[in-house]
Structure formats: structure tokens, C-alpha cells
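Let me begin by presenting the structure, written as C-alpha cells, before commenting on it.
The values are calculated or read from the model by the stated rules, or taken from the named source; none is laboratory data. For clarity, every value in this text was computed on a predicted model and none was experimentally measured. Cβ coordinates were reconstructed from backbone atoms using ideal geometry, including for glycine residues, and neighbour counts include every protein chain displayed.
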Amino acid sequence: MSKPVSICVIGSGYVGLVAAVCFAEIGHRVICVDNDEARVKTLNEGGVPIFEDQLPELLERHRDKGVEFTTNLGQAVEASEAIFIAVGTPQGDTGAADLSYVEAVVSEIARGISDYKVIVEKSTVPVYTNEWIRRVLHRHGVDPKDFDIVSNPEFLREGTAIKDFMHPDRIVVGTTSERAAGVLQRIYEPLTGGSYYEQPGAMKGACSKENPAKLLVTSAQSAEIIKHASNAFLALKISFINAVANLAEAVDADIEDIAAGMGMDSRIGPKFLRAGLGYGGSCFPKDVAAFHWVAQQHGIDFQLLREIRKINETQKDVFFNKVLSALWTLRGKKLAALGLAFKGNTDDIRESPALEVIRKLLDAGAIVTAYDPAGMDRAKEVLPGSAKMRYADDLYSAAADADAVLILTDWKEFGTIDLVKLNRVVKFPIVVDGRNLYKPQTMLDHGFTYVSVGRPAGYQAQQGKPRSMVS
Ligand code: NAD
Ligand code: UGA
């Protein structure tokens, strides 16, 4: 392995914390900084502030050895050769990314620079942010010889973040400085040279000694755009399949067959063609908006991005109307909401389509009992606290006496429900599935009326089928 690099990661959220432990896992010395004192205390006391597969194990292995946690940014910068910025870049009022956290961090970094540092944008940022960082450092009087700026966007997904980091499809390094590119190459060398994958206890995945991670060096602007364009393209795939799903439903076709047929074309590929409630999360919604804003700022009318967002917004209304159609009226109806997180295997509820649907149902007068394996605590902080919004400890309790069960998040657990038990506990056997977790025939065989996305609805004959459901 190459010589370890001393690394400072600023931000200990989904990206910063994962990057910090993964850098330690490949042999580097890492100081992870956060200005959230409670979070740093939790980390130092052995806690794990986010739900992420394999994170507890890696933290256990490297805490106080390869990685330490602090609130002292200045000292961490001073002690490090490479400084990764991994703070949030939320959506601002105009759709543009709010870069105030990045700017605040850069101003603080400026004070800690006394010798050469590579400053790395890990946060998702608009094109030319590298240039703004350079200007802020100049304004603070930092000698241009003492730093280079690199864009090294992160492509991990929540839920599989550690695996994505250790077995990436690609590592993008955006800089025109050979010296800085060299530092980044050294950092990632255990993955790009493949030596990590031969280590005892190495995490298994798609990369190996023979097929190591690939690293692409580009300009900083290109790297910044690669990140935004990749997220926008993935969002496009989802909106496209959702639009096709709505057509499929209108003509009694099956979106699962259609997606399978499309995905078999190697130019299209099977991934990100799952129809559902639309994309959510802390990234796609804000990144598509930010990319659109960036294009506008540079005189490009990227209308396709507007359409992607429009289809995504509509998809939640489409689902709400399915619930309405299955139940006729909603006031006073008891609904079990399975899922609060924006997707399965995470506790993240930011921009969760599940929450948006629940809010609409509550507004329409329904009584909702929700269950999510990991997202309940966070959801309770943002959903209205009222007698009509309840929480259950497991999915069967949520479904007890329900007029209908709604599947809102694709947790594995919701795809393996004991259907006999479910049918026993509900008031009416109606499932409206926003994630297509079941085969319609299986649900019919278990006595359920089953409405899903982009597939013909299956109704139990004895329950009848109101005409409104046909339209
Ligand atoms: P997050 O909100 O989970 O974490 C950000 C952390 O930064 C917080 O713990 C916060 O306290 C800390 N922070 C803010 N200001 C600080 C300061 N001045 N000093 C020290 N710490 C500070 O965010 P995240 O989900 O990890 O995302 C971070 C960035 O990475 C965003 O730009 C996001 O778009 C991008 N990204 C996220 C993902 C993802 O899956 N979440 C994937 C790829 C890229
Ligand atoms: C996404 C990207 O996949 C990552 O590559 C990227 O690094 C990250 O955003 C980011 O920049 O933050 P993430 O938001 O964790 O990762 O989750 P995804 O698995 O991409 O799912 C995003 C949303 O799309 C979820 O709501 C999910 O349910 C939905 N989705 C995904 C679909 O509706 N259909 C699909 O086929 C795939």
C-alpha cells in the first residue's frame, strides 16, 4: 500500500462519516470534524448517529485508532494534508444550492492553513464552486502556493453507502494540478491498485485485485458537472419509468414487464427503472433543481429538467388518487402507512415521498398509523403531532383494524409480509402498494384487493368494484 495520508473530513453526516471510516479502513489517518457538539460526543462515546449498513462495525474497528472525532476544525486542518468538505448543500429558495455551509467551512479552513493543503469538494456543489473556494481563500490572505482545490464528488447511496464507497463504479478527481491529483491518487490507491481487496477481512463487492476501482481525472468544472448530471440522469430514468407506468395503467399493460423488457437492452440497463412514488431523499430533488438553476445561470434552457421534476411531483398525487379511488372517501378512514423513510434500508426521511403522501392523507381527514423499521424517530419530529397521526411498533400493529394498508417505502420487511396474518388483522383486505413489492396474483390469492403502480389493479370479486375504479 502507498504511504498513509493524513486526512481531515469536515461534516460527519451520511457522506462525511462514511468517507471518514472508509479512509481509515484503507489505511489513512483521519480526523472527522463536525460543529454539532452532540453528534461528536455521541461518536466519541461509541454511538452511531445514523442508520447505515456496516457502519457500526467499521466505527468500532477504527474509532480512536484510524479515525478520531472533534469539533476543533482549525487543529484538524493544521494536522492534515487533504481536507474533505462534506457538509450539507441544501436547496435554497431559488432552487440554487445553498452554499453557506461550504463558505463558512472554507473561511475556517483558511485560518488553519500554514503549509500546502489539498482542499477537496466532496459535497455536491454547482459548477465553479472550486473557483469560489479559491476566491474565498484569497480573500482570507492564503498564499495560492499553499493550496489546491479538487472536486471529488461522492456517488454513494444511503443504505449501501459503505459498500458503494469501497467498491465504487468510478472515482472522479477534478483538478488541473498534478500535485493535488497525486495526493488524491495516493489516497485512493488501495482501491485503484486493488491491494485493499486482498486484505484479510476486506469488504466484499464488485471490485477486486483483478478488477480494481477506476479513477478518472478531469477538470474541476467537469467533475462538478459529472455529479449533477449523474444525479439528474438517474432522476430522469425514474421519472421516465413513472410516466410510462401511468400509460401502462391506462392500457392494462404491466410496468414490471415493460421495465424488464427495456432493461434487457444493454444500452438502457435494468437499474433505476422501478416505478413507484417518485424519487425523494436529500439529493435527487435538490440536485435536479440546482442543476436546472446552474444551466439557467449560464443561459441554457434545460427544459427536460423541469419535466423530470414535474413528473416526480405528480407521481405523489397519482398515488393519493389511487388510495382515494380504492376507498371512495378518506375522512375518518383508518390507514396503515408502511414506511416513512425516503427508501428502504435508511433512517433518512428528508424529502420522503412517504411523508408527503401521509400529509395529503391527513389533510383529507384520514387517520394514519405508521410503521417504519428505522425512520420513526425522525418522522415524529416533522409530521404533525395529532390524534390522527399514530405510530405502531410493527407492521401488523399498524395494520390492525385498518380500512387499507399502504406500502410507501421499499423496506425488505414490507416485501415479505405474512399475508395470512395481515388479512386477519385488517378491517378490509385492501393494499395500495406504491412500491410494487408484490405480484398482483399473489395478493389476489391471499384475498386482497391490490392496487399498485403501472399494473392492472386486482379486485376481490366479493368486494365489488365501483365504477370510479375503472377510470
Ligand atoms: P448531512 O446533513 O447528513 O451531514 C452534514 C454534516 O455537516 C452535519 O453533521 C453538520 O452538522 C455538519 N456541518 C455543517 N456545517 C458545519 C461546519 N461549519 N463545520 C463542521 N461541520 C458542519 O449531509 P450529507 O447527507 O452527508 O450530505 C453532505 C453533502 O454530500 C451534500 O452536498 C450532499 O448533496 C452530498 N451527497 C450526499 C449523499 C447522500 O447519500 N446523503 C451522497 C452523495 C453526495
Ligand atoms: C442517490 C444516488 O443514487 C447516489 O449515486 C448519489 O450519490 C446520491 O443520490 C446523492 O447524491 O446523494 P440516494 O439518494 O441515497 O442516492 O438513493 P437512491 O437509491 O438513488 O434513491 C433515490 C430515490 O429514488 C428514492 O426515493 C428511491 O426510492 C427512488 N428510486 C430509486 C425509484 O423510485 N426508482 C428506482 O428505480 C430507483
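Only a single item in (1) surrounded by fewer than 18 Cβ atoms within 10 Å (Cβ to Cβ); (2) not in a helix (DSSP H, G or I) is not met by Ala38, and it is number (2).
Can you find even one residue in the range 218-237 that is within 16 Å of ligand 2 (Cβ to nearest atom) and part of a loop (DSSP other than H, G, I, E, B)? Step through it out loud before you land on a result.
Pass one, the range 218-237, residues within 16 Å of ligand 2 (Cβ to nearest atom): 223-237.
Still in the list and also part of a loop (DSSP other than H, G, I, E, B): none.
The answer is no; no qualifying residue exists.
Among the residues making up the range 1-14, those that are crowded, with 24+ Cβ neighbours inside 10 Å and either of a type in the set (Gly, Ala, Ser) or within 10 Å of ligand 1 (Cβ to nearest atom) (or both) are Val9, Ile10, Gly11, Ser12, Tyr14.
Which of the following residues is at pLDDT below 95 and under 30 Å from Gly205 (Cβ atoms): Phe69, Phe51, Phe84?
Numbers: Phe69 fails: at pLDDT below 95; Phe84 fails: at pLDDT below 95.
Answer to the selection: Phe51.
In the range 294-313, the condition of being over 14 Å from Val357 (Cβ atoms) and in contact with a strand residue (DSSP E or B) (Cβ under 9 Å, 6 or more places away or on another chain) is met by at least one residue. Scan the range 400-430 for residues that are polar (S, T, N, Q) and either farther than 14 Å from Ile358 by Cβ or surrounded by fewer than 18 Cβ atoms within 10 Å (Cβ to Cβ) (or both) and report the count. Qualifying residue count for the region: 2. Cβ-Cβ distances below 7 Å connect the following pairs, each with a first residue in the range 267-295 that is closer than 23 Å to Thr124 by Cβ and of a type in the set (Val, Ile, Thr), a second residue that is in a loop (DSSP other than H, G, I, E, B) and away from ligand 2 (no atom under 11 Å from the Cβ), and a separation of six or more residues or different chains: Val294/Pro126; Val294/Val127.
In the range 244-298, the residue that is nearest to the chain's Cα centre (by Cα) out of those that are among the aliphatic types (A, V, I, L, M), away from ligand 2 (no atom under 13 Å from the Cβ) and not in a helix (DSSP H, G or I) is Met264.
Counting only helices (runs of 4 or more DSSP H) that sit completely within the range 130-214, those holding 1 or more residues that are among the small types (Gly, Ala, Ser), free of Cβ contacts under 8 Å to residues at least 40 places away in the same chain and more than 14 Å from ligand 1 (Cβ to nearest atom) correspond to 178-192.
Tallying residues that are under 13 Å from Gly88 (Cα atoms) and either away from ligand 2 (no atom under 16 Å from the Cβ) or in contact with an Asp or Glu (Cβ under 7 Å, 6 or more places away or on another chain) (or both) within the range 10-26 yields 5.
The set of residues in the range 20-35 that are in a loop (DSSP other than H, G, I, E, B) and farther than 27 Å from Lys343 by Cα comprises Ile26, Gly27, His28, Asn35. Examine the range 389-399 for a residue that is surrounded by fewer than 23 Cβ atoms within 10 Å (Cβ to Cβ), acidic (Asp, Glu), assigned by TED's automatic domain parsing to the domain that holds Phe320 and within 16 Å of ligand 1 (Cβ to nearest atom), and state whether such a residue exists. The answer is no; no qualifying residue exists. Among the residues making up the range 118-167, those that are in contact with a strand residue (DSSP E or B) (Cβ under 6 Å, 6 or more places away or on another chain) and within 23 Å of His62 (Cβ to Cβ) are Val118, Val120, Lys122, Ser123, Asn152. The sole residue among Gly278, Gly344 that is buried (at least 16 other Cβ atoms within 10 Å of the Cβ) and within 16 Å of ligand 1 (Cβ to nearest atom) is Gly344.
The single condition from (1) within 22 Å of the chain's Cα centre (by Cα); (2) buried (at least 22 other Cβ atoms within 10 Å of the Cβ); (3) of a type outside the set (A, V, I, L, M, F, W, C) that Gly174 fails is (1). Here Ser352, Ser386 are screened, and the one residue that is within 24 Å of the chain's Cα centre (by Cα) and either assigned by TED's automatic domain parsing to the domain that holds Ala235 or among the hydroxyl-bearing types (Ser, Thr, Tyr) (or both) is Ser352. Taken together, the residues in the range 83-113 that are within 16 Å of ligand 2 (Cβ to nearest atom) and not hydrophobic (A, V, I, L, M, F, W, C) amount to 6. Of the residues making up the range 327-341, those that are at pLDDT 95 or above and more than 21 Å from the chain's Cα centre (by Cα) are Leu327, Thr329, Leu330, Arg331, Gly332, Lys333, Lys334, Leu335, Ala336. Could you check, for the range 320-337, whether at least one of its residues is surrounded by 21 or more Cβ atoms within 10 Å (Cβ to Cβ) and within 16 Å of ligand 2 (Cβ to nearest atom)? Within the range 320-337 (the criterion being surrounded by 21 or more Cβ atoms within 10 Å (Cβ to Cβ) and within 16 Å of ligand 2 (Cβ to nearest atom)), the answer is yes, since at least one residue qualifies.
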